[in-house]
Amino acid sequence: MSIPFVYEEAIAYGVSIRVSPLVRQVMADNPSAFTYHGTGTWIIGRGEVAVIDAGPANERHVDAILAATAGETITHQLITHTHSDHSPAARLVKEATGAQTWAFGPHGSGRAGGEAVVVEEGGDHDFVPDHRVRHGDVIEGAGWSVECVFTPGHTSNHMCYALREEATLFSGDHVMGWSSTVVSPPDGDMAAYMRSLALLLDRDDALYRPTHGPAITDPKTHVSALIEHRKGREAQIMACLEDGITTIPEMVEVMYAAVDRGLHPAARSSVFAHIVHMVETRRIACDGPPEARSSYRLS
């Protein structure tokens, strides 16, 4: 099953675009191979509003958020996770408005042992939420309410937010509208990611609004395709081992032969995440704990 990604043709940066009665988006001008067109900051409500994923610490983007909410009050800032394109601007928005933050916790806080054990390039290690939320918590504002849906995997502290009035899940980077999600150890965890995808299949959200890429209008089909995609990657790893290809760099050369080599470092991290999961479930083996430079074999 292929993943039904949808691609957009044009993006207006720094402009507030209303996409539903309760939802607006402001796009940050930070396009890249990992952010697609950029970070899509969401604004929910009218008058007294919440901001979801304020974005990178870019003053122009913060100015655009403030302009989009001129005459209104930002009462909440909700953060899906602590990567540098999602959470750093929350500090600048708070300095300008006083709006406090809600999130699972600091970077790495969903891992056993906590954030102190995690060192990751791209992590926002300065972010500490004013309010820590857990799965099932409900955050309420003026005319809107959001259910917290804990989805670790991409990061250990990844939280989605479901706008109950519109049956819409703000899926952060857990489910994106343009690409599969990078799962990069040590903070990324493939087993947790797969459990989090399965969790979404049990929900009845009508629409997903990711932080990157367009809306996902058929969530169950999309999530099912992501699960099949990951199973396909694991089958490729098994095939590599059967062919005597035993290291991650060698596997990536085969598995991602048609992909820009500039993306191979991210691919190696993702393959490593799969391998850690496959070692834990005893489908493959290595000498000692799994490491990125280890050699692997069939169990």
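The values are calculated or read from the model by the stated rules, or taken from the named source; none is laboratory data. Treat the numbers as computed from the prediction; the structure is a model and nothing was measured. As a convention, Cβ positions derive from the backbone with ideal geometry for all residues, glycine included, and neighbour counts pool all protein chains shown. To get the accessible areas, we keep the full protein, side chains included, count just its heavy atoms, and leave off ligands, DNA and RNA. Shrake-Rupley method; radii C 1.70, N 1.55, O 1.52, S 1.80 Å.
Here P214 fulfils each of the conditions (1) surrounded by 17 or more Cβ atoms within 10 Å (Cβ to Cβ); (2) more than 30 Å from S20 (Cα to Cα) apart from (2). Out of the residues in the range 177-211 meeting the condition of being under 23 Å from T41 (Cβ atoms) and of a type in the set (V, I, T), tell me which one is most open to solvent (accessible area, probe 1.4 Å). So, considering only residues that are under 23 Å from T41 (Cβ atoms) and of a type in the set (V, I, T), the one most open to solvent (accessible area, probe 1.4 Å) is V182.
Residue selection: G71 satisfies the criterion of being farther than 26 Å from A162 by Cβ, at pLDDT 95 or above, open to solvent by 30 Å² or more (accessible area, probe 1.4 Å) and not in a helix (DSSP H, G or I).
Selection of the range 131-176 for residues being among the small types (G, A, S) and either surrounded by fewer than 20 Cβ atoms within 10 Å (Cβ to Cβ) or farther than 15 Å from I52 by Cβ (or both) yields G136, G141, A142, G143, S145, G153, S156, A167.
Summed over the range 173-189, the residues that are over 18 Å from A33 (Cβ atoms) and touching a Ser or Thr at 6+ places or on another chain (Cβ under 8 Å) give a count of 5. Of everything in the range 287-299 that is within 18 Å of P186 (Cα to Cα) and not small (G, A, S), the residue that is surrounded by the most Cβ atoms within 10 Å (Cβ to Cβ) is P290. State yes or no: is R18 in a strand (DSSP E or B) and open to solvent by 20 Å² or more (accessible area, probe 1.4 Å)? So R18 fits the description; yes. Looking at the range 217-231, which of the residues that are closer than 29 Å to N30 by Cβ and among the charged types (D, E, K, R) is least open to solvent (accessible area, probe 1.4 Å)? So the residue we want is R230. The set of residues from the range 249-275 being part of a helix (DSSP H, G or I) and either farther than 17 Å from H229 by Cα or of a type in the set (F, W, Y) (or both) comprises P249, E250, E253, R261, G262, L263, H264, P265, F272. Is one or more of the residues making up the range 246-267 touching a residue at least 24 places away in the same chain (Cβ under 8 Å), polar (S, T, N, Q), open to solvent by 40 Å² or more (accessible area, probe 1.4 Å) and in contact with a Phe, Trp or Tyr (Cβ under 9 Å, 6 or more places away or on another chain)? Yes. Can you pull out every residue in the range 26-66 that is in a strand (DSSP E or B), within 18 Å of the chain's Cα centre (by Cα) and surrounded by fewer than 20 Cβ atoms within 10 Å (Cβ to Cβ)? Once the filter is applied, which keeps residues that are in a strand (DSSP E or B), within 18 Å of the chain's Cα centre (by Cα) and surrounded by fewer than 20 Cβ atoms within 10 Å (Cβ to Cβ), the range 26-66 yields only S32.
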